[in-house]
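K.L.:
Pasting in a structure now, in structure tokens, and then I'll have a few things to ask.
Any read-out appearing in this document is the output of simple, stated calculations on the displayed coordinates, not a laboratory observation. Please read all numbers here as calculations on a predicted model, not as lab measurements. So basically every Cβ, Gly included, is an ideal-geometry build from the backbone, and we count neighbours across all protein chains shown.
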Amino acid sequence: MQRYITEYLIRFYNFILCSFLLRIAHFILSLEYYPPEKSKTEKSVKTFLYRHVQLYDPTLDPDLPKAIPDSYYLSIMEKANANGNRIKPIKHHKPIDKNISCPHCQAPAEYIYNGGKKYSAGQKKMRDNYVCKICRHQFFPNCHKISASWYCPFCSSKLYLYKKRQEFYLYRCPNKKCAFLKQNNAIYKFRDFFLDISKLQMASPSAPKVNLKNIHYSTSVVGLAIAFYINYKLSLRETAQCLNEFFNVQISHQTLANWIQSLAILLMPLIADEKIDTSSLLAIDETYERYKGKWGYLYLCIDTYREPVLSCHFSAKRNTLAAITAIMAAIKRMKNMPDVIHLVHDCHATYFLAIQLINQAQLGFKIQSHPVKGLKDKGPLKNPYRLYKNVMERVFGSFKPAYYLKRGFSSFDGACSFNLLQAIFYNYFRPHQANHSRPPLIIEGLPKNPIAKWNFLINRWINLSVGQTDMSKI
């Protein structure tokens with residue numbers, strides 16, 4: 001009897017093992033080495049390996065050449081000239097954006113009419129409408145319903161549309177003899193983004209709740225409340241309780257929230273527009289923050305010389321758009337623009353794509369990527385940029401304790417207001433041991449008392465409009 005039970009268990013074990021191996025074999029065989037030319041676009045073995053096995057994907061190289069657009073308008077103009085109908089450039093009475101081009105034939109802005117306002121059914125609002133003089137195509141700016149034709153820079157083959165993402169369209173090269181495929185063992189990919197880099201701005205509260213100039217309390221009370229909330233890391237209710245018990249100032253926590261949101265908008269030029277002297281080595285990273293019962297992502301970009309926070313961007317998503325916004329906001333604050341900017345970051349794919357897009361835009365500078373993987377170096381090789389990754393973690397170590405005591409935020413505006421004021425406190429108030437017990441950035445005439453510091457900034461900025469702030473007066 002025991003022998004029959006043993007044989008039965010062995011057969012059952014072999015059956016389970018064979019079923020498991022067959023499922024693995026079926027999964028591997030179902031993955032295609034290369035997608036068919038026209039119909040199917042399934043996952044490839046290379047994509048699986050890059051995602052789960054290998055560490056480096058050559059298509060994420062920040063220096064990857066941009067795909068070549070099809071200049072179809074040139075052939076149309078040649079045919080028109082041959083027939084004696086020369087197409088002349090347009091003399092615009094009203095200037096238009098020089099970066100606009102026709103998505104159908106790639107005609108430049110000098111051949112684009114401004115067709116006025118037209119209703120957009122997709123966005124349900126009136127938008128600027130443009131008409132191409134060469135191909136007579138009407139389009140909205142950044143409209144990708146009719147995408148341009150792109151060609152591989154390595155083999156000049158026409159790229160085919162592989163996937164549609166929320167922020168870009170992904171194109172791939174169909175040539176199996178492409179030089180990029182032979183050299184890197186990977187298919188050339190190009191991402192056609194839908195965004196204008198020059199118009200990206202850091203996240204800020206939507207609108208000021210109150211006018212701080214017309215409130216019933218003096219600016220000293222506002223500075224006292226901000227000092228309790230930011231400097232000493234109290235919650236809104238604890239701040240209201242301290243003001244009531246110690247200073248007999250009876251205000252609600254919602255009134256404090258309105259003050260904080262209005263003050264964050266008022267002082268935002270200090271963290272967004274001020275030009276400062278920086279080095280050419282920056283570091284960027286993100287962390288989690290809770291708001292409205294879900295996770296948001298705080299992006300901080302610092303200068304590694306004196307470690308000031310150059311950009312503070314709070315995003316609802318951890319995507320390429322958030323990474324580009326944080327990087328470009330930090331670059332706009334650099335007083336002296338170097339030819340090459342070195343950026344230290346982790347190995348998340350969004351940073352590689354953000355640097356790739358900025359380099360392809362040809363803005364007059366180039367970003368050199370320095371990825372740092374993990375918390376520690378494994379093996380005998382040491383990453384020389386590990387030091388700056390640790391500096392970035394120390395900066396987050398100054399931001400996180402105050403956030404942990406807040407236990408999340410009730411709104412997106414509340415999270416943005418707190419992070420902006422926390423960045424101002426970190427840059428101008430908090431002493432740093434690496435800077436000889438001085439803050440990274442200095443404001444002339446700033447008093448030593450922490451409450452008087454906030455009162456000084458409020459009085460300095462309260463009479464200036466947010467949009468017409470003169471940074472030279474600070």
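K.L.:
Need one number for the range 362-443: average projected area of the convex hull over its C-alpha atoms, nm².
P.N.:
9.3 nm²
K.L.:
If you take the beta carbon distance between His436 and Lys335 as r and set R0 to 25 Å, what does 1/(1 + (r/R0)^6) give as a FRET efficiency, to the nearest 0.05?
P.N.:
According to the calculation, E is roughly 0.65.
K.L.:
What is the gain in length, in nm to one decimal, between Asp196 and Glu7 on full extension, counting 0.36 nm per residue of separation less the C-alpha to C-alpha distance?
P.N.:
The span from Asp196 to Glu7 would gain 61.1 nm if fully extended.
K.L.:
Rank Gly414, Tyr169, Ala452 by how far each Cα sits towards the positive end of the charge dipole of the chain (+1 on Lys, Arg Cβ; -1 on Asp, Glu Cβ) and give me just the farthest.
P.N.:
Of the candidates, Tyr169 comes out farthest on the positive side.
K.L.:
Another question about this same structure. Find the lysine pairs in the range 364-406 meeting two conditions, Cα atoms under 22 Å apart and a separation of 8 or more places or different chains, and report how many there are.
P.N.:
For the range 364-406, qualifying lysine pairs total 8.
K.L.:
Given +1 on the Cβ of Lys and Arg, -1 on the Cβ of Asp and Glu, and no further charges, what dipole in debye does the range 183-302 carry about its Cα centre, rounded to the nearest 20?
P.N.:
Computed about the Cα centre, the dipole is about 360 debye.
K.L.:
Note down the net charge around Pro439, summing +1 for each Lys or Arg and -1 for each Asp or Glu among other residues with Cβ under 12 Å from its Cβ.
P.N.:
+4
K.L.:
Please give, to one decimal in nm, the separation of the simple spin-label points placed at Ala452 and Leu74, each 7 Å out from Cα toward the Cβ.
P.N.:
Distance between label points: 6.8 nm.
K.L.:
Still on this model: Efficiency by 1/(1 + (r/R0)^6): what FRET value for Leu363 and Phe20, r their Cβ-Cβ distance, R0 = 60 Å, to the nearest 0.05?
P.N.:
For Leu363 and Phe20, the calculated efficiency is 0.70.
K.L.:
Just to confirm my numbers, what's the Cα centroid distance between the range 289-329 and the range 132-210 in Å?
P.N.:
24 Å
K.L.:
For the chain, what does the relative contact order come out to in percent, with C-alpha contacts under 8 Å and a separation of six or more?
P.N.:
Result for the chain is 13 percent.
K.L.:
I want to make sure I understand the PRE zone here: with the label point 7 angstrom from the Cα of Arg86 toward its beta carbon, which residues in the range 93-126 have backbone N atoms less than 19 Å away?
P.N.:
Residues passing the 19 Å test: 108, 110-112.
K.L.:
Can you compute 3J(HN,Hα) from phi for each residue in the range 394-409, using the Karplus curve 6.51 cos²θ - 1.76 cosθ + 1.60 with θ = phi - 60°, rounded to whole Hz and x for Gly and Pro?
P.N.:
Using θ = phi - 60°, the values come out as 5, 5, 5, x, 7, 8, 5, x, 5, 5, 4, 6, 7, 6, x, 10 Hz.
K.L.:
Which whole-number percent of Cα pairs in the range 167-233 have a distance greater than 14 Å?
P.N.:
Beyond 14 Å sits 78 percent of the P(r) for the range 167-233.
K.L.:
List the lysines whose Cα sits under 17 Å from the Cα of Lys163, skipping any in the same chain fewer than 8 residues away.
P.N.:
Lys38, Lys40, Lys43, Lys46, Lys145, Lys189
K.L.:
Could I ask something else about it? By count of other Cβ within 10 Å, fewest leading, how are Cys301, Cys18 ordered?
P.N.:
Result, fewest neighbours first: Cys18, Cys301.
K.L.:
I've got another one for you. With 19 Å as the cut-off, how large is the P(r) tail for the range 212-267, expressed as percent of Cα-Cα pairs?
P.N.:
16 percent
K.L.:
Moving on. Taking K and R as +1 and D and E as -1, what net charge do the other residues with C-beta under 14 Å from the C-beta of Pro450 add up to?
P.N.:
Around Pro450, the surrounding residues sum to +4.
K.L.:
Also, quick follow-up: Near Lys91, which aspartates and glutamates are there with a Cα under 17 Å away, not counting those fewer than 8 places off in the same chain?
P.N.:
Reachable aspartates and glutamates: Glu110.
K.L.:
When a/c is below 1.5 the answer is rounded, else prolate if a/b is larger than b/c, else oblate, so apply that to the range 99-211 with a ≥ b ≥ c taken from the square roots of the Cα gyration tensor eigenvalues.
P.N.:
Oblate is the answer for the range 99-211, as a/c is 1.5 or above yet b/c matches or exceeds a/b.
K.L.:
Taking the DSSP beta bridges in the range 71-148 as the whole, what percent of them are antiparallel, to the nearest 5?
P.N.:
100 percent
K.L.:
Round to the nearest 0.05 the FRET efficiency obtained for Tyr404 and Lys118 when R0 = 56 Å and r is the Cβ-Cβ distance.
P.N.:
Between Tyr404 and Lys118 the formula returns 0.65.
K.L.:
How much of the DSSP bridge set in the range 269-462 is antiparallel, in percent, rounded to the nearest 5?
P.N.:
60 percent
K.L.:
Beyond 34 Å, what percent of the Cα pairs of the chain remain?
P.N.:
51 percent
K.L.:
Asn211 to Glu167: extension gain in nm, 0.36 nm per residue of separation minus the Cα-Cα distance?
P.N.:
Computed gain between Asn211 and Glu167 is 12.2 nm.
K.L.:
Give me the Kirkwood hydrodynamic radius of the range 269-462 in Å, from all C-alpha pairs, to one decimal place?
P.N.:
17.6 Å
K.L.:
Quick one: length gained pulling Lys376 to Lys292 fully straight, 0.36 nm per residue minus the C-alpha distance?
P.N.:
26.8 nm
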